[in-house]
Amino acid sequence: MLLSRNRIIEGIIFPLFIFSACSETEKPDSYIARVNNSYLTEVEFAEMIDSQFVSEKSKATLIKNWVKQEILYQEAVKQGMTDTKNYKRSIEDTKRQLAASMVLQNFAASSQPVVTQEELKNYYNENKTSFRIPFNAYYLNRINFSDRETAVMFRTELMTNGWTEAVNKFSSDLSLVKLESEVLISEQDIYPVRLLRILEGLYPLEISIVIPDERGYYTVVQLLDKYSAQAIPPFEAVKSEVERRYKAALTELALENYINDLYSLNEIEIKK
């Protein structure tokens, strides 16, 4: 529900951005794209995305979409569609939908539930069958380094003193790329393929060799357990997913109660 609500907001915001951008006629000092006298400036584009997490391919797609929407908008203006009652009513409806969605988003963000381990375990036990996994999966610890020698030293420390001590010792190492502790990963998401083949041959608590890949990273994995398709992993293996689902359910319930409270605070009359 929260994901779909985010998508609704994105679907509303982008058209509104197009409508506002199209009214600009003064040429800016710098811009990313232009259709006749309408410009997509760098500032406006930055507001549309989070450049830190959007790939260049996605940015190019956004720009192409802006150009397409702008062409269609200008054609609609030429045909007089933006002066029609239907157009103006659609704009007002869109504004209302956006405002309503923002109210719900703000409420959800300000009422994040705090849960206990006991609550999570109870939720897991009550809904255990819903955590059945559709694919083979591996429950593991995994770490990536950009330096082979460091990866070798980490593996030695792991074999000697265990995962927690090894992580504490190497957590500030500059060659550390990524660290994952007690994660459940489906078989098809294991990369590189060589790592999957090694995991297939490991027993629980065994440690892999240092595994290089074409990105120049060196991986060390400790297998905690493995599960076949249609198995129900224990609570610890799916704890993060349990927490995500439980919090989402609590948030949805809080939203329903919030809306009911708003009903009681307003005069509502529905005539057939």
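Would you confirm, using the coordinates I've provided, whether residue 246 is closer than 19 Å to residue 108 by Cβ, open to solvent by less than 50 Å² (accessible area, probe 1.4 Å) and not charged (D, E, K, R)? Give the steps one after another, and end with the answer.
On the way: closer than 19 Å to residue 108 by Cβ: yes; open to solvent by less than 50 Å² (accessible area, probe 1.4 Å): yes; not charged (D, E, K, R): yes.
Considered against the rule, which asks whether it is closer than 19 Å to residue 108 by Cβ, open to solvent by less than 50 Å² (accessible area, probe 1.4 Å) and not charged (D, E, K, R), residue 246 comes out as yes.
Being loosely packed, with under 15 Cβ neighbours inside 10 Å, of a type in the set (S, T, N, Q) and part of a helix (DSSP H, G or I) is true for just one of 172, 240, 181. Which residue is that? Can you show your working first?
Details: 172 fails: part of a helix (DSSP H, G or I); 181 fails: part of a helix (DSSP H, G or I).
Just one listed residue meets the conditions, 240.
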Output yes when any residue across segment 72-86 is of a type in the set (A, V, I, L, M, F, W, C), touching a helix residue (DSSP H, G or I) at 6+ places or on another chain (Cβ under 9 Å) and closer than 20 Å to residue 249 by Cβ, and no when none is.
no
Quick one: in segment 34-65, of everything that is modelled with pLDDT of 85 or more and among the β-branched types (Val, Ile, Thr), which residue is nearest to residue 78 (Cα to Cα)?
35
What is the residue count in segment 151-169 for residues that are over 21 Å from residue 198 (Cβ atoms) and either surrounded by 19 or more Cβ atoms within 10 Å (Cβ to Cβ) or charged (D, E, K, R) (or both)?
2
Of the residues that make up segment 196-205, is at least one exposed (fewer than 15 other Cβ atoms within 10 Å of the Cβ) and under 30 Å from residue 116 (Cβ atoms)?
yes
Cross-chain or 6+ apart pairs with Cβ under 9 Å, segment 199-210 first and among the hydrophobic types (A, V, I, L, M, F, W, C), then open to solvent by less than 40 Å² (accessible area, probe 1.4 Å) and at pLDDT below 95:
199/190
Which is over 24 Å from residue 158 (Cα atoms), among the β-branched types (Val, Ile, Thr), open to solvent by less than 90 Å² (accessible area, probe 1.4 Å) and in a loop (DSSP other than H, G, I, E, B), of 232, 270?
232
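The values are calculated or read from the model by the stated rules, or taken from the named source; none is laboratory data. A quick note: this is a predicted structure, and the numbers were derived from the prediction, not measured. With ideal geometry, Cβ positions are generated from the backbone for all residues, glycine too; neighbour counts draw on all protein chains shown. These accessible areas exclude ligands, DNA and RNA; they are computed on the full protein's heavy atoms, side chains included. Shrake-Rupley method; radii C 1.70, N 1.55, O 1.52, S 1.80 Å.
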